[in-house]
1. With label points built 7 Å along Cα→Cβ from the Cα atoms of residue 104 and residue 61, find their separation and express it in nm.
2. If I compute semi-axes √(5λ) of the Cα gyration tensor in Å from the structure I just sent, which labelled value in [x] 36, 22, 15; [y] 30, 23, 16; [z] 43, 17, 15 lines up?
3. Please give the solvent-accessible surface of residue 72 in Å², to the nearest 10, using a probe radius of 1.4 Å with every protein chain present.
4. Which net charge results for the neighbourhood of residue 76, defined as the other residues with beta-carbon distances under 11 angstrom from its beta-carbon, given Lys and Arg at +1 and Asp and Glu at -1?
5. How large a share of the accessible area of the chain, in percent, is made up of carbon and sulfur atoms when the probe is 1.4 Å and the other protein chains stay in place?
6. Given R₀ = 35 Å, FRET efficiency for residue 141-residue 15 by Cβ-Cβ distance, to 0.05?
7. Which residue, 30, 89, 51, has the largest displacement toward the positive end of the dipole of the stretch 1-154 when charges sit on each Cβ (Lys, Arg +1; Asp, Glu -1)?
8. Would you mind checking the tilt of helix 162-174 against the longest principal axis of the Cα atoms of the chain, expressed as 0 to 90 degrees and rounded to 10?
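The values are calculated or read from the model by the stated rules, or taken from the named source; none is laboratory data. Just so we're clear, the structure is a prediction, and the values are computed from it rather than from any experiment. Cβ placement follows ideal geometry from the backbone for every residue including glycine, while neighbour counts extend to all protein chains displayed. Side chains included, ligands, DNA and RNA excluded: accessible areas come from the protein's heavy atoms. Shrake-Rupley method; radii C 1.70, N 1.55, O 1.52, S 1.80 Å.
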Amino acid sequence: MRQESGQSRTDGRPTVWTGRATNRFQWVAAVAGAACMALGITIAVESPWASGIPALVMAVVGCVAAGLLVLFGTLAFVHVEVRVDDRAMEVRCGHIGVPRRTILLTEVVGADYAPRVTPRHWGGWGYRWRPDRGTAVVVRRGEGLVLRLADGRSFTVTVDGAASAVDSIRARLRRPAQPPTSAGTA
């Protein structure tokens, strides 16, 4: 889903481009994490372990810790939001917006449309890094945008309406940034 928001300029382009991508499968993994936590709590409350307290503590702590890792690890990548304005591209993951990455457009040398980004190419879902490919935020399989950065690295993000995002970024890269105007200066 692609959204363009903000006030329009004189050339008709909006001041901000926003887009989002969602992976509903991550909710299944989040439920599995919650179930693992529930199992740990159930073991702690109802289990008369004959093996002793250390075994009980290890089982409870293990289930609860694994559940928390899975639950919060998957909820962080249920969706991704991308925002492009005249200054930067910001990527926010999950419901609380963490992890977050802001890339200044002054650091970008190009933007490309990727018609098919898959978790398999990056080693799974989430925030990924591969020395041969760069960094990526992959929340689902499908279209994405690839930023080529001035330091030779790249940044890929899966987002609906990626072609429109690329057009928006390219248009901003072609024109110099406007210097900030200060109030009170003639």
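1. Once both label points are built, they end up 4.5 nm from each other.
2. Among [x] 36, 22, 15; [y] 30, 23, 16; [z] 43, 17, 15, the one derived from this structure is [z].
3. 120
4. On the way: positive: 92, 100; negative: none.
My count for the surroundings of residue 76 gives +2.
5. Working: 6460 of 10710 Å².
On the chain, the fraction of accessible area on carbon and sulfur atoms equals 60 percent.
6. On the way: r = 31 Å, r/R0 = 0.88.
Efficiency computed from Cβ-Cβ geometry: 0.70.
7. Positive-end residue among those listed: 89.
8. Here the helix axis deviates by roughly 40 degrees.
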